[in-house]
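A.B. asks: Here it is, the structure, as structure tokens.
What follows draws every value from the coordinates through simple rules; no lab data is involved. Predicted model only: the values in this text are computed from it and were never measured. Please note: Cβ atoms are built from the backbone with ideal geometry, for glycine as well, and neighbour counts cover all protein chains shown.
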Amino acid sequence: RFRTIESLKRLTWNNTGPEKLVRAEMKIFETLRSQFQGRYINVLNDTQKVWTVCSNLTSNNIPIVLVHGFGGGVGLWSLNLDQLCADRAVYALDLPGFAHSSRPIFSMDPDEAEQQFVNILEEWRIGVGLNERFILLGHSFGGFLSASYAIRYPDYIEQLVLVDPWGFGRKPDNWQTSPMQRIPPWLRSFSAVMMKISPLAGLRVAGPFGIHIMKYFRPDLRVKFEKLFNDDRILEYLYHCNAQVPTGEQAFRTISDLLAWAKKPMIDRIHLIDQRIPIYFLHGEQSWIEINSSMIAQGKRDNVYIDTIQAAGHHVYADAPDEFDMYLKRILINRN
């Protein structure tokens, strides 16, 4: 059963709130050439809502749905949206518990929490009126949830694109040694402590100083988006996305094992996705996510394709946006 947390005291200390997140997101979208509509889609008997932005809805081509990763939101696709919506309808949503969407309470059971995400995605599809086959693209945690959705609700999926997906591989027995070296130092440092609370608790503990923490620890995020804007707006956006009530990240903590792996790895279930659906894995060569699980998936079923972008890390779409867009133009299925 879902409930929603409201904590005005917390939001006041954090110098954040829905209206500040709206302004931060608008500052990002005003840099784009294309026109985007934003609206809430009601789910769970109208008790929760999923924020959605979309464009080019009159296109006859196969639409694409974008699912962001942990701690993200629709604004992270800003480097790619103009190119994507030139060819087809684009729907980008904020996962429940993140960014603009409602903050429901998720189960403490990993399987149940995962299925709650998946069921909300299906209710969102119905609510947004997407009654034709579409391309489902998920990054990181969004890739994990997209694959889980494809297992349970395959009928409307034309193509599954998994961009550096999290949660596919099994946690290795020697996880404390060599494999951990691929994981960024900030994530290694956080994992031992933050698994006992919430992964981004530091931002909320810091209150209004959280944005300065982001600037100090993640200056790379600003650099990634300098093509669109040479200021702090992406950091401000991500701060307001994550300084609010952390139900989505608490669900991620429930589903994850030391943040870097899933308790129920997707590689053990990937064969359950309908063989009709082609699966495309795209990795960043410099990412901390290992490609091995994608290669194992390729051995478990037909219709699996793997590519790597050399100049990219985990945030493939932002590290190498031009190469990412060219890759999508090459592999995305078009309606003849």
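A.B. asks: Tell me, 112, 323 in order of fewest to most beta-carbon neighbours within 10 Å?
C.D. replies: So the ranking, lowest neighbour count to highest, is 112, 323.
A.B. asks: State, to one decimal in nm, how far the label point of residue 298 lies from the label point of residue 268, with both points 7 Å from Cα in the Cβ direction.
C.D. replies: 2.4 nm
A.B. asks: Also: Need the C-alpha centroid separation for the range 91-164 versus the range 266-314, integer Å.
C.D. replies: Going from one Cα centre to the other spans 18 Å.
A.B. asks: What spacing in nm lies between the two simple spin-label points modelled at residue 45 and residue 58, each 7 Å away from Cα in the Cβ direction?
C.D. replies: 4.0 nm
A.B. asks: I would also like to ask the following. Could you check the simple spin-label distance between residue 87 and residue 330, using points 7 Å along Cα→Cβ, in nm with one decimal?
C.D. replies: Here the modelled spin labels are 1.2 nm apart.
A.B. asks: Do any trypsin sites (Lys or Arg not before Pro) in the range 254-327 lie in a DSSP loop with no more than 13 other beta carbon atoms within 10 Å, and if so, which?
C.D. replies: Listed in order of number, the matching sites are 276.
A.B. asks: A further question follows. Could you list 87, 231 so that the one with the fewest beta carbons within 10 Å of its beta carbon is first and the one with the most is last?
C.D. replies: Sorted ascending by nearby Cβ count, the order is 231, 87.
A.B. asks: Would you mind ranking 175, 124 by Cβ crowding within 10 Å, fewest neighbours first?
C.D. replies: 175, 124
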